[in-house]
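Here is the structure we will look at, set down as structure tokens.
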Amino acid sequence: MSAPRLEIRLDRIHHNAKTLVDRLALLGVGVVGVTKAALGLPEIARTLISAGVTGIGDSRIENIETMRRAGLPCDFTLIRSPMISQAERVVAHADVSHNTEIDVVERLSACAQAQGRTHGVLLMVELGDLRDGILPAQLPEFVGQVLRLPNIAFRGIGTNLACQSGVAPDQENMDVLSSLADSLEATLGVDVETVSGGNSANLGWALSTADPGRVNALRLGEAILLGRDPLHRKAIEGLHTNAFTLVAEVIECKRKPTKPWGELGQTAFGPVKARTDRGVISQAILALGRQDIDPDGLEAPDGMEVLGASSDHLVLDAGPSSPAIGSEVMLQLNYSALLRAMTSPFVTRVISEGDGKAEDRGLASGVAT
């Protein structure tokens, strides 16, 4: 089998999605399954749909087009504000898009008229993370402008936290979002159908609150795919953290000192990271590099440690072992490493439905997120 490769277990992804869908349903909160880290892979999207998500969200219209061509039976939401240059494609292939600029919504309206379609718009509100979003004070005027546009359906409001500045979703900022929905309905007489509270970082709040207020939707990607809470990178109780495994081949293994010698400058990727002198070690090199993954997002097997990477080489301290040339090393990934591996043309994807016998292996425990 070729390497490097991502081994993908659909049964584990299904388990994670179904578990979160069921837990959030008790609060009246639906789940939009986010596929952007999976490059819109139709097999993964189909797995999320079978687990009960209300729709699929992705940040790239190209991924949505791929899933449309696969004939997936669901609504698609473009969760990044559309590029105005792609408005025609957005209207043709996405049912809903997240928006923050009236110029873009006006262009979507014109394209929707030309195509004889109605396009749904969900407006994103800035609640402190300082990424995308309309300031709350400007929201009523913006909604009023949207309501006047032909072939545009106002679907609701949402927010995004924790991605840019690390602002944590909590009861206070979620209450603000709920209050904004109430205010829009009272002042404009509009139906705020969807109140999208945020992403996987919202799970800690959602599963600990007694009252989610108006929040009735979350957009979940990392929590489903990797079984982790993005705020603290901790495993979520009852979820698989090993639905994805990265496998790479050993191309060199030699005894070498841990510290370089000679005058040091910068590497191709910036300043050299300091290394602790541990004497001579068994150093293994894998045929994998920064062009394929984020080396800081990899977890080596027990007894091994990732020391660094260049464009095409991943350097490991192999510990007490000396892996044979041509042998393979299995690595776990965080969100950043997964995102890059899925987009690398050099990483093969191997998809498995699972054997049905390992449902309880790799399940996290003790972290009740």
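The values are calculated or read from the model by the stated rules, or taken from the named source; none is laboratory data. Computed from a predicted structure; not experimentally measured. As a convention, Cβ positions derive from the backbone with ideal geometry for all residues, glycine included, and neighbour counts pool all protein chains shown.
Going by what's in this entry, would Asp229 be described as acidic (Asp, Glu) and crowded, with 19+ Cβ neighbours inside 10 Å? Judged against the criteria, Asp229 is a match.
Residue by residue, here is whether (1) more than 26 Å from the chain's Cα centre (by Cα); (2) farther than 23 Å from Asp277 by Cβ; (3) among the polar types (S, T, N, Q) holds:
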residue: Gly289; (1), (2), (3): no, yes, no
residue: Ala300; (1), (2), (3): no, no, no
residue: Glu305; (1), (2), (3): no, no, no
residue: Gly308; (1), (2), (3): no, no, no
residue: Val315; (1), (2), (3): yes, no, no
residue: Ala318; (1), (2), (3): yes, no, no
residue: Ala324; (1), (2), (3): yes, yes, no
residue: Ser327; (1), (2), (3): yes, yes, yes
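The set of residues in the range 158-176 that are surrounded by 23 or more Cβ atoms within 10 Å (Cβ to Cβ) and closer than 21 Å to Ala210 by Cβ comprises Thr159, Leu161, Pro169, Met174. Regarding Val143, is this residue farther than 19 Å from Asn216 by Cα and among the β-branched types (Val, Ile, Thr)? Spelling it out, Val143 is indeed farther than 19 Å from Asn216 by Cα and among the β-branched types (Val, Ile, Thr).
Among the residues of this structure, Gly28 counts as one that is assigned by TED's automatic domain parsing to the domain that holds Leu218, among the small types (Gly, Ala, Ser), out of contact with any Gly (no Cβ under 9 Å at 6 or more places or on another chain) and modelled with pLDDT of 95 or more. Among residues of the range 310-355 being under 22 Å from Ala235 (Cα atoms) and in a loop (DSSP other than H, G, I, E, B), the one that is modelled with the highest pLDDT is Asn334.
Residue under question is Ser336, and the condition is that it be hydroxyl-bearing (Ser, Thr, Tyr), surrounded by 14 or more Cβ atoms within 10 Å (Cβ to Cβ) and over 28 Å from Arg9 (Cα atoms); does it hold? Judged against the criteria, Ser336 is not a match.
When the range 65-104 is examined, which residues are found to be over 22 Å from Gly197 (Cβ atoms) and of a type in the set (A, V, I, L, M)? Within the range 65-104, Met67, Ala70, Leu72, Met83, Ile84, Ala87, Val90, Val91, Ala92, Ile102, Val104 qualify. Taking the range 45-78 as the range and being farther than 17 Å from His119 by Cβ, of a type in the set (A, V, I, L, M), assigned to a helix (DSSP H, G or I) and without any contact (Cβ under 8 Å) to a residue 60 or more places away in the chain as the test, the residues that pass are Ala45, Ile49, Met67. Scanning the range 186-199 for residues that are under 20 Å from His98 (Cα atoms) and either in contact (Cβ under 8 Å) with a residue 60 or more places away in the chain or exposed (fewer than 13 other Cβ atoms within 10 Å of the Cβ) (or both) yields a count of 5. Residue selection: Asp296 satisfies the criterion of being under 30 Å from Pro345 (Cβ atoms) and either free of Cβ contacts under 8 Å to residues at least 60 places away in the same chain or outside any loop (DSSP other than H, G, I, E, B) (or both).
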